[in-house]
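Below is one structure, written out as structure tokens, with a few remarks after it.
Values in this text are rule-based calculations from the coordinates and carry no lab data. Source: prediction; values computed, not measured. Neighbour counts are summed over all protein chains in view; Cβ atoms, including those assigned to glycine, are modelled from backbone coordinates with ideal geometry.
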Amino acid sequence: MPFSSKVLNVAALLAYFADGFAVTNNGPSNFVMSRGQFVASSSSVLAAAANQQEDLELTRQIVLGHLSQANGGDALDDEEDDFVVPTNDRPENDLMMRAALGEKVEKTPLWLFRQAGRHLPEYQDYKKKLNMNFLDLLASPDTVAECTMQPLRRYDVDAAILFSDILVVPEALGIEVKMPGGVGIQVPHPLASPEEVNSRLPSTDDISPEFVQDKLSHVIAAVKQIRKQMAEEGKSIPLIGFSAAPWTLLFYMVGGSSKKNNEAGVLWLTEHPAESKKLLDLLTKIVIEYMAAQVEAGAHMLQVFEAMGMMIDSDNFRQFALPCLQQIAQELKARYPDVPLMVFARGACHMNAELAPLGYDVITIDGSVDRATARDVAGKEMTLQGNYDPAELIEENGKTVETVRATAKRLLQELGPQRLIANLGEGLGGKESPALVSEFVNAIHEESAAMIAQGEDEVIAVSRPAEKATAYF
């Protein structure tokens, strides 16, 4: 650890036990934890750490995480400055990138939605040791990197994905995000009226690469830290950066939650179309700059999540969501033509035929999609991603390694092993067995390799050419 970081750690500890203040880059700032909370966190670390070295590192991560929060999200650990992220590089295992761009592969690549986090016992242990919740973990590049790396150490997945959340974008725009516990992530003070698009948010003209570097510096620093950690641990696979799509962000910013006020988003679109368009334009611009910043920091691939696709009807999706998705694809592919771009309209895969011509390299299918027609819908030149049922990975459902291998093989037979990124139709929810997840990963690799070696690598479904894209903006 550089000497400056050692001094910072000691100074932070002294500040906590002194008067609860410390000097950050922005001047004196109150910490988000009280002295008592910090003592409780440190005590849990002391009790849980396996040895003195682990205790020191865990304590350091607590301090740096909360220093980062107190400093407005700016990364304060300077260790990553010694590591230069290679540009325009391909990892040694580039299966995912090749499959995404339509190149032949020797086996089907895969990664998993929510592969880091809740289903992993090491993640639960890590949170407990640090006495942090999910949002706390997102504040420091160190904790983000550790959570990103955990599934890579356990599973032979073909990509890492940035451990983050879709609501960091509204936070960057000044919208408060909280995790009160037991009810998921919430926006406690959503936009109350269309007038607040002007009064509470920056203008579209304010959004720039510099704005993103300022407001989302902790995320960008985390991407660099992940690349450094991957290099140190010999994990030469692609790193996926991501963002929510504009409609999904609007849904949360006006409704506040995924569990209530579900009608608020579409009501805004229908009752306030001009203000909705203005908000979506703002969100489209920041999503583009945010994802571009992730590429510049070292992300090899990008994923756009239209996570609330099930909360919008087809007509409004076509009028409001598709133009944003098209603009994102066209701008990012113009800047980074060799960076594979993936999209997932969760709950709105009936719109995949209209998504396919927009410029994305990969279209994701959820569990509602009939595999027999999936390639007809998307077109033969499109790489598909999905759509294994995560319920097949839960032992309480009577699932075993034998059933997992059989269903994984069926996925490959029905979609074909080429132009496919095997994934789930829905993210891991937390009840899945790591042993069954591991079997799924191994089965996809082994069964697809055997199929390709035997010449069984053609897709089954008859495909039609993708239609020319409609100009949505």
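Roughly what would the spin-label model give for SER314 and VAL84, points 7 Å off Cα along C-beta, in nm?
Taking the simple label geometry, SER314 and VAL84 are separated by 5.4 nm.
Explain nothing, just compute: Karplus ³J(HN,Hα) = 6.51 cos²θ - 1.76 cosθ + 1.60, θ = phi - 60°, for every residue of the range 288-300 in order, whole Hz, x for Gly and Pro.
4, 5, 5, 6, 4, 5, 5, 5, 4, 7, x, 5, 8
Output the relative contact order of the range 104-205, whole-number percent, from Cα pairs under 8 angstrom with separation of 6+ residues.
Across the range 104-205, relative contact order equals 21 percent.
Can you run phi through the Karplus equation (6.51, -1.76, 1.60; θ = phi - 60°) for the range 241-256 and list ³J(HN,Hα) in whole Hz, with x for Gly and Pro?
With coefficients 6.51, -1.76 and 1.60, one gets x, 7, 7, 6, 7, x, 4, 4, 5, 4, 3, 6, 5, 9, x, x Hz.
Please list 3J(HN,Hα) in residue order for the range 313-323, calculated via the Karplus relation 6.51 cos²θ - 1.76 cosθ + 1.60 where θ = phi - 60°; whole Hz, with x for glycine and proline.
Residue by residue, the range 313-323 yields 6, 4, 5, 5, 4, 5, 6, 10, 7, 4, x Hz.
How high is the FRET efficiency between ALA231 and SER208 when r is their beta carbon distance and R₀ equals 30 Å, given to the nearest 0.05?
0.50
Counting only C-alpha contacts under 8 Å and six or more residues apart, can you give the relative contact order of the range 147-207 as a whole percent?
20
So for the pair ALA334, GLU271, with labels modelled 7 Å out along Cα→Cβ, what separation do we get in nm?
3.6
Could you calculate the FRET efficiency of ARG154 with GLU395 from 1/(1 + (r/R0)^6), where r is the beta carbon distance between them and R0 is 22 Å, rounded to 0.05?
With a Förster radius of 22 Å, E is 0.85.
Which far-off residues, 5 or more places away or on another chain, put their amide H under 5 Å from the one on LEU424, with H placed in the peptide plane?
PHE113, TYR388
Using label points projected 7 Å from each Cα along Cα→Cβ, tell me how many nm separate ALA353 and GLU106, to one decimal.
Going by the 7 Å Cα→Cβ label model, 3.9 nm.
Of the GluC sites (Glu not before Pro) in the range 273-313, which ones lie in a loop per DSSP and count no more than 10 other C-beta atoms within 10 Å?
Answer by residue number: there is no such site.
Could you pull out the trypsin sites (Lys or Arg not before Pro) across the range 209-274 that fall in loop regions by DSSP (anything but H, G, I, E, B) with no more than 14 other Cβ atoms inside 10 Å?
Sparse-neighbourhood loop trypsin sites (Lys or Arg not before Pro): LYS259, LYS260.
Output the relative contact order of the range 343-407, whole-number percent, from Cα pairs under 8 angstrom with separation of 6+ residues.
Relative contact order, the range 343-407: 27 percent.
From the Cα gyration tensor of the range 202-263, with a ≥ b ≥ c the square roots of its eigenvalues, which class applies: rounded if a/c is under 1.5, or else prolate if a/b is larger than b/c, or else oblate?
Oblate is the answer for the range 202-263, as a/c is 1.5 or above yet b/c matches or exceeds a/b.
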